[in-house]
Amino acid sequence: MRLEDYWGVGPKTSERLRETLGVERAVEAIESADVRALVDAGIPRGRATRILRRANGEAGMGVLATGDARSVYDDLLALAATYALTAHAGDRIRVLTPLSDRDAIETRLADVIAARDAWERLDEGDRAVVLDAFEEYDAAGGTDRVAVETALALGTVAVEDGPFAPIATLDAEALREAASALGYVQRRSGGRAETDGENGDGNDVEITVLEGADEELDRLRDRLEAARDLENAAFDVIDEVREGTVRDFESFKRGVVEHVADRTAIEPGRIRAAAPVEAVDAADFVSGTLRSLVEDLESEFEQREEAVAADLRERIHDADGDVETAVEVVSEAAFELSLGRFAAERDLSQPVLGGDGLAVEGARNPFLEGEVRPVTYAVGAHSLPEYDGERSEAKRPPSGDRVTVLTGANSGGKTTLLETLCAVALLASMGLPVPADHAEIGRFDRIVFHRRHASFNAGVLESTLKSIVPPLVESGRTLMLVDEFEAITEPGRAADLLNGLVDLTVDRGALGVYVTHLADDLSPLPDRARIDGIFAEGLTGDLALRVDYQPRFGTVGKSTPEFIVSRLVANADDRSVRQGFEHLAEAVGEEAVQRTLSDVRWSPDQ
């Protein structure tokens with residue numbers, strides 16, 4: 001396959017990849033989603049990520065029907081990548097895409113749930129072992145030797161299922177022997193040096209035996225390096241020998257032998273044997289002696305290195321299958337455990353896939369930190385159990401409605417709920433667990449998420465309609481999540497457009513949640529649509545708005561401006577400003593404002 005055939009790889013990118021990696025290695029990096037290889041080749045990380053997403057998940061990327069949906073997708077993967085145990089695992093997470101095959105979704109989901117359960121069963125000590133092992137693996141660049149050592153470390157933890165299952169089947173003794181041998185070899189293949197003994201297909205490659213593998217080889221290496229240094233400084237040798245007690249040419253030759261022997265620890269007899277029989281002058285004698293000596297030492301060193309390398313290869317070959325498996329399973333374990341760690345730390349659960357709706361119980365927005373109020377909500381058909389809560393209004397969502405219109409208080413969490421539903425649907429489409437106690441999620445060919453964009457510009461209205469309507473009318477299943485459509489045009493016309501979108505959503509068999517403040521302006525909704533509401537309940541003791549974030553089904557929510565005006569009255573320091581807010585209080589209902597202020601123990605003297 002030509003590099004230019006991949007999405008996002010134009011002539012300049014292709015040329016850079018050819019120059020730095022070569023075509024074969026570049027194709028391998030793209031097909032294996034190796035972000036690091038492309039970044040090291042000079043491709044910006046963001047561009048490399050986009051190329052690999054398209055190369056490895058082109059079919060699934062169509063699910064992201066709007067820029068806001070893609071933004072949530074990017075944020076989810078960025079969040080998940082923060083739990084990566086290795087750099088490569090983080091890169092693999094960043095290039096995950098929605099999956100178009102149901103079996104692939106279920107397989108990945110099962111693997112991640114198994115990894116989550118395995119991570120949760122690790123005690124504090126075993127987690128430290130895992131974290132340290134992968135940190136060393138990353139620091140060493142993921143070589144075969146460190147992969148083997150990582151596999152040995154992972155094999156010591158008490159958990160043997162999930163991502164640890166393949167590691168438990170490895171021959172630990174053979175791996176220890178291989179690790180020892182791998183520590184002394186460095187392969188030279190394709191212009192790169194790596195601490196390995198074999199190339200990717202198992203064939204022998206040219207290797208350098210590192211220091212410490214064999215004492216005799218180390219001795220020869222030291223002598224060879226010393227002799228080369230002298231050969232490169234032959235005139236310095238002449239000057240240093242002549243500074244001694246040299247009376248004639250014969251004494252000079254003896255002085256050279258003694259000098260070389262002293263500097264290289266080579267036996268004098270071997271140096272004399274390397275000296276030329278007939279040398280015309282001192283320079284000819286010194287250069288001839290050192291050149292011949294270096295050639296002899298190079299030959300002896302190469303023979304010894306070949307013998308030691310053969311022994312090391314044999315030790316590595318004895319565990320070849322386990323080494324290859326260790327390299328693969330360690331990389332895969334890092335990836336799966338990273339996702340499992342993400343699921344465990346963010347309290348994600350396995351959704352029920354299938355059906356004709358999107359339903360969540362105890363759902364939490366994954367991007368919020370601190371204490372997050374869980375919400376139960378649904379659109380479409382579902383089988384959620386009755387809500388087990390103290391508030392009667394927090395009951396089981398109705399089943400079967402194709403569209404819900406969500407209304408209610410400002411800062412009441414309507415947009416956050418839309419984002420939560422989008423995140424849940426996207427995570428499930430990638431085969432990942434979701435932030436909810438229970439979830440039922442159908443299959444969606446497209447997810448249209450549109451955040452509120454405050455502008456009455458005609459161009460904004462046109463671009464918005466062009467982004468959300470085409471995915472809705474395409475064949476297949478579409479999930480519509482649209483926030484405050486009225487923010488981009490005047491309220492009266494916005495209500496007409498919103499009515500049209502609701503009708504179109506029902507007619508096309510799609511599912512939709514539309515957030516609006518225009519519930520009272522809407523025409524009667526279709527039979528398979530309902531209105532839900534979020535209510536503000538008052539002010540807290542420090543005058544913060546107190547909201548019941550759980551929507552009430554089949555009820556229009558109220559913005560309750562008296563709460564906002566009450567806070568403004570209470571917080572006003574200037575007398576004239578307070579009088580202005582009190583005038584507004586009369587407009588919205590002075591009694592309601594006074595009651596609110598009384599509830600938070602406000603008095604005129606405060």
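Descriptive notes on the structure:
- Angle between the chain longest axis and helix 144-154 axis [Cα atoms, degrees, rounded to 10]: 50 degrees
- Surface exposure of the stretch 28-68, expressed per residue as accessible area with a 1.4 Å probe, stands at 40 Å².
- Rounded, prolate or oblate (a/c below 1.5 giving rounded, otherwise prolate when a/b exceeds b/c) for the stretch 25-132 by Cα gyration tensor: oblate
- Inter-label distance for SER71 and GLU124, nm, one decimal - labels placed 7 Å from Cα along Cα-to-Cβ: 4.1 nm
- The simple spin-label model puts a point 7 Å past each Cα toward its Cβ; for ASP284 and ARG242 those points are separated by 1.7 nm.
- ARG346 versus ASP5: modelled label distance in nm, points set 7 Å from Cα along the beta carbon direction: 3.5 nm
- Cα-based reach from LYS414 at 17 Å (exclusive), listing lysines while leaving out same-chain residues under 8 positions away: LYS558
- Peptide packing for 127-138, 83-94, 239-250 was compared via the average number of neighbouring C-beta atoms within 10 Å per residue; ordered from the highest value, the list is 83-94, 127-138, 239-250.
- Share of carbon and sulfur in the accessible heavy-atom surface of the stretch 1-121 [1.4 Å probe, %]: 46 percent
- In a fully extended conformation the segment linking PHE367 and ASN571 would gain 70.4 nm over its present Cα-Cα distance, using 0.36 nm per residue.
- The chain - share of DSSP beta bridges that are antiparallel (%, nearest 5): 50 percent
- Once the C-beta distance of ASP132 and THR82 is scaled by a Förster radius of 22 Å, the resulting FRET efficiency is 0.75 to the nearest 0.05.
- Spherically averaged projected area of the chain from its Cα convex hull (nm²): 42.4 nm²
The values are calculated or read from the model by the stated rules, or taken from the named source; none is laboratory data. Remember, it's a predicted structure, so these values are computed and weren't measured experimentally. Here Cβ is always computed from backbone atoms with ideal geometry, including for glycine, and neighbour counts include all displayed protein chains. Note: areas computed on protein heavy atoms with side chains; ligands, DNA, RNA excluded. Shrake-Rupley method; radii C 1.70, N 1.55, O 1.52, S 1.80 Å.
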